[in-house]
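Before any comments, here is the structure.
Any read-out appearing in this document is the output of simple, stated calculations on the displayed coordinates, not a laboratory observation. Since the model is a prediction, treat every value here as computed from it, not as a measurement.
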């Protein structure tokens, strides 16, 4: 079994479940995992990330329920096209993350312009990795 492409970094105060789900979504959106690509099994995910198999199972089931993964009998679990956000979900989805980003940027002394430049640079890097042309 190949190693996962998840950049899983547990943070103080964040559950393992939340950290791995976030790492998986980041890998899907950034193109590290492509639609149709096999996702690690419960056993492989648990062993590689050194997490309990029940937690790995819960993570995979959650990602299936949200539409990020699909279980295919005889094949395994594969990555789907990123699901569309439900109405009203976009702003709610990022509320906490945006606040944490702003607090972190202020903590290290970034200006608003520096933070926006960093966001744009990261956005463009992800687009390049996914083969998306940016005409801005």
Using only helices, what value at 222 nm comes out for the chain when you add -39,500 (n - 2.57) per DSSP H run of length 4 or more and divide by the total residues, to the nearest 500 deg cm²/dmol?
-18000 deg cm²/dmol
Report the normalised scattering of the chain as log10 I(q)/I(0) at q = 0.10, 0.17, 0.18, 0.20 Å⁻¹, calculated by the Debye formula with identical scatterers on the alpha carbons.
-0.40, -1.08, -1.18, -1.34
Whole-number percent relative contact order across the chain, with pairs defined as alpha carbons under 8 Å at least 6 apart:
21 percent
Which one, 99, 121, 38, has the greatest fluctuation when you compute a Gaussian network model over the chain with C-alpha springs under 10 angstrom?
99
Using the Kirkwood formula on the Cα atoms of segment 89-130, what hydrodynamic radius do you get, in angstrom to one decimal?
11.3 Å
Could you work out which residue, out of 120, 60, 29, moves most in a Gaussian network model of the chain, that is, has the largest mean-square fluctuation with Cα springs under 10 Å?
120
With the chain treated as a Gaussian network of Cα nodes joined by springs under 10 Å, which of 70, 48, 114 yields the largest mean-square fluctuation?
114
Gap in Å between the Cα centre of segment 1-56 and the Cα centre of segment 106-123?
27 Å
